[in-house]
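Novice: Supplied in structure tokens, the structure appears directly below.
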Amino acid sequence: MPNPARLCYCPFMSAPSPSALHVYWDESHIWGLLVVRALRAWGLPHRLVSGAEIARGVLDEDRPAVLLVPGGRARGKAEALGAAGAAAVRGYVNDGGTYIGFCGGAGLGLSGGEGLELCPWERGGFSDRFQHFLSGHVRVELARDHPLVSEELGPSILAPVWWPAQFAPQGDGAETLARYQAPGPDFWVADLSLSALPSQILEDWENLHGIRLRPENLIGRPAVVSGSLGRGRYLLSYPHLETPASRQANAWFSHILNVVLGDSSARPPLPAWDLASLPVTWADPVLLRARDLMEEIIHTGSEHFLLFWRNPWLLGWRRGIPGAALGSLYALVRECLARPETEAARDYWREKAPEFGRMAELFHQGVTGYLLSERLAMTVLHSAPEAFYPRGLKGQREALFGPPPSSGGLYADLSRILEELCRRQD
């Protein structure tokens, strides 16, 4: 529980509105679901808002205590905001608002490129591309004597990262609240579990092949930063403090919200999230069919060693397979089925369900063929790599998922419909 004496002087504090937190929903995918699950579990009033609504002035009309921006693709979030929406977010913070961004939402708050320029720091590049393919818990060292860092957390915690970018510090414009230390027990680099690899093997690979899997360049770098803009504040975190059942990370997130909202509630760790066990509250036949199709896709990928479950909510994948997109789409389908059928959702779905159903069938057919072709490519890779892969699989993948790292194709169309349906169910 936060120390009330420390709460009194925190510049983050503001009076909560009936919708105390607004969640910027566009391009959030599975990461938006994590944030909403956390707010629901802790009984915090919130509203899901789109970039178009922000551009039209929702942050002034229904001013929240916090604008919470989940992970996802920062560029896509910026495009959905547009110039008017970006100006509205900056104006909200300048006028005393609080911006909290996780991962892609953290990147959106930075300067340079598509950033909102809330923080003067920029997004860092990668000298070694493997540095971007990091996931799992990592130990982070916490700042001391800062109101946003609870004394009860101790000097360090385990916090989860899911394929984070990096900060590129630019002078003294931001405070570092957490720095990366050593990888945790469930840390992966791409599709390799570090804990499953003997240290001698890692050394041999470095010496023989020049491949460094241990994220040594991460150690000491900023993981969570905070600062001010005008009369407002921002907090940008590449670790996902809202990750289900991540006890220490959840405790820090709860403390941050308490400080921002002027609250002193004791909140439990966020509950585990088992996608396959979610109940069906809205038994819509199109959504049920989409669930079955996605489960068939995941089963096909699993049978051919391309997909696997990292945990009950997070799909894993062989390097190069678009497993993140498949896992996100499955999570959205399951959450839409588990949520109630509101009037707004029913009206929207009446218009979109036929189109969605047709696209889902095409997606199932296309992805099944694509995954099996990927499996074939892995088998014949050493025999005819140039003849097989470039001409066939690249085009298949881009039609289904768009060119990496952006999202597109049928996946993007299906995801947009489900995200809007989910927003109308909240």
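Novice: Would you tally the residues in the stretch 30-44 being part of a loop (DSSP other than H, G, I, E, B) and either assigned by TED's automatic domain parsing to the domain that holds Glu419 or touching a helix residue (DSSP H, G or I) at 6+ places or on another chain (Cβ under 8 Å) (or both)?
Specialist: The number of residues fulfilling the criteria is 2.
Novice: Within the stretch 347-366, can one find any residue that is outside any helix (DSSP H, G or I) and either free of Cβ contacts under 8 Å to residues at least 40 places away in the same chain or touching a Pro at 6+ places or on another chain (Cβ under 7 Å) (or both)?
Specialist: For the stretch 347-366, residues outside any helix (DSSP H, G or I) and either free of Cβ contacts under 8 Å to residues at least 40 places away in the same chain or touching a Pro at 6+ places or on another chain (Cβ under 7 Å) (or both): absent.
Novice: What are the residues in the stretch 170-183 that are in contact (Cβ under 8 Å) with a residue 40 or more places away in the chain, part of a loop (DSSP other than H, G, I, E, B) and surrounded by fewer than 18 Cβ atoms within 10 Å (Cβ to Cβ), if any?
Specialist: Residues of the stretch 170-183 in contact (Cβ under 8 Å) with a residue 40 or more places away in the chain: 170-171, 173-183.
Narrowing further to those that are part of a loop (DSSP other than H, G, I, E, B): 170-171, 173-174.
Gln170, Gly171, Gly173 - these are the residues of the stretch 170-183 that are in contact (Cβ under 8 Å) with a residue 40 or more places away in the chain, part of a loop (DSSP other than H, G, I, E, B) and surrounded by fewer than 18 Cβ atoms within 10 Å (Cβ to Cβ).
Novice: Which of the residues that make up the stretch 1-25 are closer than 30 Å to Trp313 by Cα, out of contact with any His (no Cβ under 8 Å at 6 or more places or on another chain) and either modelled with pLDDT under 95 or assigned to a strand (DSSP E or B) (or both)?
Specialist: Met1, Tyr24 - these are the residues of the stretch 1-25 that are closer than 30 Å to Trp313 by Cα, out of contact with any His (no Cβ under 8 Å at 6 or more places or on another chain) and either modelled with pLDDT under 95 or assigned to a strand (DSSP E or B) (or both).
Novice: Something else now. Could you list, in sequence order, the residues of the stretch 360-369 that are aliphatic (A, V, I, L, M) and buried (at least 17 other Cβ atoms within 10 Å of the Cβ)?
Specialist: Within the stretch 360-369, the subset aliphatic (A, V, I, L, M) is 360, 362, 367.
Those that are aliphatic (A, V, I, L, M) and buried (at least 17 other Cβ atoms within 10 Å of the Cβ): Ala360, Val367.
Novice: Here is a follow-up. Do any helices (runs of 4 or more DSSP H) lying entirely in the stretch 56-169 carry at least 2 residues that are assigned by TED's automatic domain parsing to the domain that holds Leu257 and touching a residue at least 60 places away in the same chain (Cβ under 8 Å), and which ones are they? Give the derivation first.
Specialist: Details: elements: 58-61, 74-94, 104-108.
Those helices (runs of 4 or more DSSP H) span 74-94, 104-108.
Novice: Name the single residue that is farthest from Arg289 (Cα to Cα) among those in the stretch 306-337 being surrounded by fewer than 17 Cβ atoms within 10 Å (Cβ to Cβ) and not charged (D, E, K, R).
Specialist: This residue is Gly320.
Novice: Answer yes or no: is there a residue in the stretch 218-235 that is polar (S, T, N, Q) and in the same structural domain as Leu194 (by TED's automatic domain parsing).
Specialist: First, pick out the residues of the stretch 218-235 that are polar (S, T, N, Q): 226, 228.
If we keep only those that are in the same structural domain as Leu194 (by TED's automatic domain parsing) too, we end up with 226, 228.
Checking the stretch 218-235: at least one residue is polar (S, T, N, Q) and in the same structural domain as Leu194 (by TED's automatic domain parsing).
Novice: Moving on to the next point. Contact list please: Cβ distance under 8 Å, first residue in the stretch 198-226 and of a type in the set (Ser, Thr, Tyr), second residue in a strand (DSSP E or B), pairs at least six apart or on different chains.
Specialist: So the pair list comes out as Ser226/Glu175; Ser226/Leu177; Ser226/Arg233; Ser226/Tyr234; Ser226/Leu235; Ser226/Leu236.
Novice: If you don't mind, there's one more thing I want to ask. Cβ-Cβ distance below 8 Å, separation of 6 or more or different chains: which pairs start in the stretch 34-47 with a residue that is under 9 Å from Glu242 (Cβ atoms) and end on one that is buried (at least 17 other Cβ atoms within 10 Å of the Cβ) and among the hydroxyl-bearing types (Ser, Thr, Tyr)?
Specialist: That search, which allows pairs on different chains as well, returns Leu34/Thr243; Val35/Ser28.
Novice: Next question. For a quick check of your reading of the model, give me the residue pairs whose first member lies in the stretch 369-384 and is outside any helix (DSSP H, G or I), whose second is modelled with pLDDT under 85, with beta-carbon atoms closer than 9 Å and at least 6 apart or on different chains.
Specialist: Close Cβ pairs (under 9 Å, with a partner that is modelled with pLDDT under 85) amount to Leu381/Phe388; Leu381/Tyr389.
Novice: Pro271 versus (1) in contact (Cβ under 8 Å) with a residue 12 or more places away in the chain; (2) not in a loop (DSSP other than H, G, I, E, B): which is the lone unmet condition?
Specialist: (2)
Novice: Still on this model: If I ask for residues that are more than 20 Å from Leu148 (Cα to Cα), of a type outside the set (A, V, I, L, M, F, W, C) and within 22 Å of the chain's Cα centre (by Cα), which ones from the stretch 203-234 would you list? Full working, then the answer.
Specialist: Taking the stretch 203-234 as the starting set, the residues that turn out to be more than 20 Å from Leu148 (Cα to Cα) are 203-219.
Those still in the list that are of a type outside the set (A, V, I, L, M, F, W, C) too: 203-204, 206-207, 209-210, 212, 214-217.
Pro215, the sole residue that qualifies.
Novice: Continuing with the same structure: Scan the stretch 108-119 residue by residue and report those that are out of contact with any Pro (no Cβ under 9 Å at 6 or more places or on another chain) and either at pLDDT below 75 or surrounded by fewer than 18 Cβ atoms within 10 Å (Cβ to Cβ) (or both). Full working, then the answer.
Specialist: Here is the first cut: in the stretch 108-119, the residues out of contact with any Pro (no Cβ under 9 Å at 6 or more places or on another chain) are 108-109, 112-119.
Hits for the stretch 108-119 are Gly112, Gly113, Glu114, Glu117.
Novice: Specify which of the listed residues (Ala38, Ala52, Ala74, Ala20) is surrounded by fewer than 23 Cβ atoms within 10 Å (Cβ to Cβ) and within 21 Å of the chain's Cα centre (by Cα).
Specialist: Numbers: Ala38 fails: surrounded by fewer than 23 Cβ atoms within 10 Å (Cβ to Cβ); Ala74 fails: surrounded by fewer than 23 Cβ atoms within 10 Å (Cβ to Cβ); Ala20 fails: within 21 Å of the chain's Cα centre (by Cα).
So the residue among Ala38, Ala52, Ala74, Ala20 that is surrounded by fewer than 23 Cβ atoms within 10 Å (Cβ to Cβ) and within 21 Å of the chain's Cα centre (by Cα) is Ala52.
Novice: Could you list, in sequence order, all residues of the stretch 242-268 that are in a loop (DSSP other than H, G, I, E, B) and either of a type outside the set (A, V, I, L, M) or touching a Ser or Thr at 6+ places or on another chain (Cβ under 9 Å) (or both)?
Specialist: Within the stretch 242-268, Glu242, Thr243, Pro244, Ser246, Gly262, Asp263, Ser264, Ser265, Ala266, Arg267, Pro268 meet the criteria.
Conditions tested, residue by residue: (1) of a type outside the set (Gly, Ala, Ser); (2) in contact with a helix residue (DSSP H, G or I) (Cβ under 9 Å, 6 or more places away or on another chain); (3) surrounded by 20 or more Cβ atoms within 10 Å (Cβ to Cβ).
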{"residue": "His209", "(1), (2), (3)": "yes, no, no"}
{"residue": "Ile219", "(1), (2), (3)": "yes, no, no"}
{"residue": "Asn250", "(1), (2), (3)": "yes, yes, yes"}
{"residue": "Ile256", "(1), (2), (3)": "yes, no, yes"}
{"residue": "Ala266", "(1), (2), (3)": "no, yes, no"}
{"residue": "Leu270", "(1), (2), (3)": "yes, yes, yes"}
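The values are calculated or read from the model by the stated rules, or taken from the named source; none is laboratory data. Just so it is clear, the structure is predicted and the values come from calculations on it, not from any experiment. Cβ: placed from backbone, ideal geometry, glycine included. Neighbour counts: every protein chain shown.
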